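Enquirer: Can you keep this structure in mind? I'll have questions shortly.
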């Protein structure tokens, strides 16, 4: 995986647009792609917005993939333990509950 270049989000693009191989790039906190469709650059129409975000909660990083503002997928990575999971860590659920109790 491309995390060796110090980016939290790494995108590998497999596309017919690249004759000499595929491309990749890193993102630190967020990325937004406005996808357009049609017959070319001068005749294209908005199809959707694809967003990638990262937020930090203590030792945990939360990653989200959204399409038109709707969360499609979410995962978590613990920077200390190197644990990766698609389930919300119990520590984050407890912190949120404790915060709501103290209101």
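Each reported figure results from applying straightforward, stated rules to the coordinates on display, with no laboratory input. A quick note: this is a predicted structure, and the numbers were derived from the prediction, not measured. Every residue, glycine as well, gets a Cβ built from its backbone with ideal geometry; the counts of neighbours run over all protein chains shown.
Enquirer: Taking one equal scatterer on every alpha-carbon of the range 24-73, how large is log10 of I(q)/I(0) by Debye at q = 0.19, 0.32 1/Å?
Expert: The Debye formula, applied to the Cα set alone, gives -0.71, -1.12.
Enquirer: A further question on this structure: Quick one: angle between helix 90-101 and the longest Cα principal axis of the chain, in degrees between 0 and 90, rounded to 10, please.
Expert: Approximately 70 degrees, to the nearest ten.
Enquirer: In units of 2.2 N^0.38 Å, what is the alpha-carbon radius of gyration of the chain?
Expert: 1.37
Enquirer: What FRET efficiency, computed as 1/(1 + (r/R0)^6) with R0 = 30 Å and r the Cβ-Cβ distance, is obtained for residue 56 and residue 16, rounded to the nearest 0.05?
Expert: Approximately 0.25, to the nearest 0.05.
Enquirer: Highest first, please rank the peptides 73-80, 34-41, 21-28 by the mean number of other Cβ atoms sitting within 10 Å of their residues.
Expert: Highest-to-lowest ranking by the protection proxy: 73-80, 21-28, 34-41.
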